[in-house]
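S.K.: Below is the structure I would like to discuss, written out as structure tokens.
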């Protein structure tokens, strides 16, 4: 009977060990499946994050390139504006200096302009700074009878203005007007020089 009992105990022990081994194998298999699922999920999530990061990096790179292009355009425009302004000021200074130095020449030009308009109109007014107005009064004294009036106007600088038809038509020959007219012809050439 001891032997039967011994066999029974051994059988119970083997069944328990086999059951425990089977349970361990089952737990181990479930753990492998869970681990494999977790690894696959982590890989999928990592790939998704990597793709999003790549998209964000490409978008950032595109925005940065566009910002650099815009900055380059703005820089060229600012330089062009500064150079144009500098040339405009230099041109104005040179014209004003010439107008101040050549009062006889300017008075002659004003007289020619007045004579050109006298045939068509009467009541011509010439506005000029005091220095030029005195020279014009002497030069155009004989035309006063034909309705030519010389007035002092310090806003003209070294140039002059001719007004016709009671001030409704005006032609300006001031340093600013001459520089602006010349600048319109020079700007396209200057702009062409600024282009890369």
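The values are calculated or read from the model by the stated rules, or taken from the named source; none is laboratory data. Since we're looking at a predicted model, the values are computed, not measured. Neighbour counts are summed over all protein chains in view; Cβ atoms, including those assigned to glycine, are modelled from backbone coordinates with ideal geometry.
S.K.: All but one of (1) within 16 Å of residue 164 (Cα to Cα); (2) modelled with pLDDT of 75 or more hold for residue 116; which doesn't?
M.R.: Status for residue 116: all satisfied but (2).
S.K.: Can you find a residue in region 87-98 that is farther than 26 Å from residue 185 by Cβ and at pLDDT 75 or above?
M.R.: No; the residues of region 87-98 include none that is farther than 26 Å from residue 185 by Cβ and at pLDDT 75 or above.
S.K.: Okay, next question. Identify the residue in region 122-143 that is in contact with a strand residue (DSSP E or B) (Cβ under 8 Å, 6 or more places away or on another chain) and surrounded by fewer than 15 Cβ atoms within 10 Å (Cβ to Cβ) and, among all such residues, is modelled with the lowest pLDDT.
M.R.: The qualifying residue modelled with the lowest pLDDT is 123.
S.K.: Between 109, 77, 28, which is in contact with a strand residue (DSSP E or B) (Cβ under 9 Å, 6 or more places away or on another chain) and either assigned to a helix (DSSP H, G or I) or more than 20 Å from residue 177 (Cα to Cα) (or both)? Spell out how you get there, then give the answer.
M.R.: Values: 77 fails: in contact with a strand residue (DSSP E or B) (Cβ under 9 Å, 6 or more places away or on another chain); 28 fails: in contact with a strand residue (DSSP E or B) (Cβ under 9 Å, 6 or more places away or on another chain).
Of the residues listed, the single one that is in contact with a strand residue (DSSP E or B) (Cβ under 9 Å, 6 or more places away or on another chain) and either assigned to a helix (DSSP H, G or I) or more than 20 Å from residue 177 (Cα to Cα) (or both) is 109.
S.K.: In this structure, is residue 51 out of contact with any helix residue (DSSP H, G or I) (no Cβ under 9 Å at 6 or more places or on another chain), part of a helix (DSSP H, G or I), under 30 Å from residue 184 (Cβ atoms) and at pLDDT 80 or above?
M.R.: Considered against the rule, which asks whether it is out of contact with any helix residue (DSSP H, G or I) (no Cβ under 9 Å at 6 or more places or on another chain), part of a helix (DSSP H, G or I), under 30 Å from residue 184 (Cβ atoms) and at pLDDT 80 or above, residue 51 comes out as no.
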